[in-house]
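Working notes, structure below.
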Amino acid sequence: MADLLLALDVKGKAEAVRVATACTGELDAIKIGYPLVLSTGLEIVKDLAKSEIPIIADFKVADIPNTNSLICEEVFGAGCAGIITHAFCGSDSLAACVDASHDHGGVCFVVCEMSHPGALDFLSGENAERMARMAKAAGADGIIAPATRPERTATLRTIIGSSMKIYSPGVGAQGAQPEDVKKYVDGIIVGRAIYEAADPKAAAHEFRVRAR
Ligand code: C5P
């Protein structure tokens, strides 16, 4: 049984609020990222917070420890409940993100393996497994692993165990189905297949039911 997270990669406040409001009651969290925040500013978090579900900032943080901490301060100060970071900058950068998240009462998820074909160049295989071990050692709350390669997500689950969460993108537009990964993960992340649907609420409802 997996939660449903909406990847709200639309541009502008009006469209973001339209989709989020339409999906009321069908979502467990909203993931925001650069497309939306660069078009609206972080104030969008307050607008979306009216829906009373957690907002997770997918900024794929990848910098030195001090900069990572400063990014976390802004994200949690704006009202986000969680942040998504990269791990490839090393254990000190990752620790800074995890610690700053926890200091602000938030959660930190770590990208281990990405969902698109190009992930196979770097963000997969042994590298992904090393980053999963690093995420666990850093005390991260969970990892991001691909619905498009469920066997890889299953492998990453064996590395992190059951005490950490896995959120899994790739369902819908990237071709994966909820049924492919729901037994390995705590949440599926769906973007275009919901926010581009003629009826986003109906689409979200169907994904939510299929993820259960
Ligand atoms: O539209 P779609 O459902 O493909 O959106 C997937 C979302 O998940 C996007 O926001 C993308 O940036 C994000 N994501 C991903 N693969 C990862 C990490 C994040 O697709 N490994």
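The values are calculated or read from the model by the stated rules, or taken from the named source; none is laboratory data. Being a predicted model, the structure only gives us computed values, none of them experimental. Reconstructed Cβ throughout: ideal geometry from the backbone, glycine too, with neighbour counts over all protein chains shown. Quick note on the areas: whole protein, heavy atoms, side chains included, nothing else; ligands and nucleic acids left out. Shrake-Rupley method; radii C 1.70, N 1.55, O 1.52, S 1.80 Å.
A few points about this structure:
- Residues in the range 138-155 that are touching a Phe, Trp or Tyr at 6+ places or on another chain (Cβ under 7 Å), part of a helix (DSSP H, G or I) and of a type outside the set (S, T, N, Q): 150, 154.
- In the range 35-42 there is no residue that is touching a Cys at 6+ places or on another chain (Cβ under 8 Å) and either assigned to a strand (DSSP E or B) or open to solvent by less than 10 Å² (accessible area, probe 1.4 Å) (or both).
- Residues satisfying the stated conditions in the range 156-177, i.e. away from the ligand (no atom under 12 Å from the Cβ), part of a helix (DSSP H, G or I) and open to solvent by less than 50 Å² (accessible area, probe 1.4 Å): 157, 159, 160
- Given (1) away from the ligand (no atom under 12 Å from the Cβ); (2) farther than 22 Å from residue 67 by Cα; (3) buried (at least 18 other Cβ atoms within 10 Å of the Cβ), index of the condition residue 108 fails: (2)
- For the range 143-157, the count of residues that are among the hydroxyl-bearing types (Ser, Thr, Tyr) and touching a strand residue (DSSP E or B) at 6+ places or on another chain (Cβ under 9 Å) is at least one.
- Among the residues of the range 48-79, those that are at pLDDT 95 or above, among the acidic types (Asp, Glu) and away from the ligand (no atom under 16 Å from the Cβ) comprise 63, 73, 74.
- The residues on offer are 139, 118, and the sole one that is open to solvent by 30 Å² or more (accessible area, probe 1.4 Å) and in contact with a His (Cβ under 8 Å, 6 or more places away or on another chain) is 139.
- Of all the residues in the range 128-146, those that are within 13 Å of the ligand (Cβ to nearest atom) and more than 23 Å from residue 81 (Cα to Cα) number 1.
- Residue check for residue 88: within 16 Å of the ligand (Cβ to nearest atom), within 26 Å of residue 191 (Cβ to Cβ) and either in a loop (DSSP other than H, G, I, E, B) or open to solvent by 10 Å² or more (accessible area, probe 1.4 Å) (or both): yes
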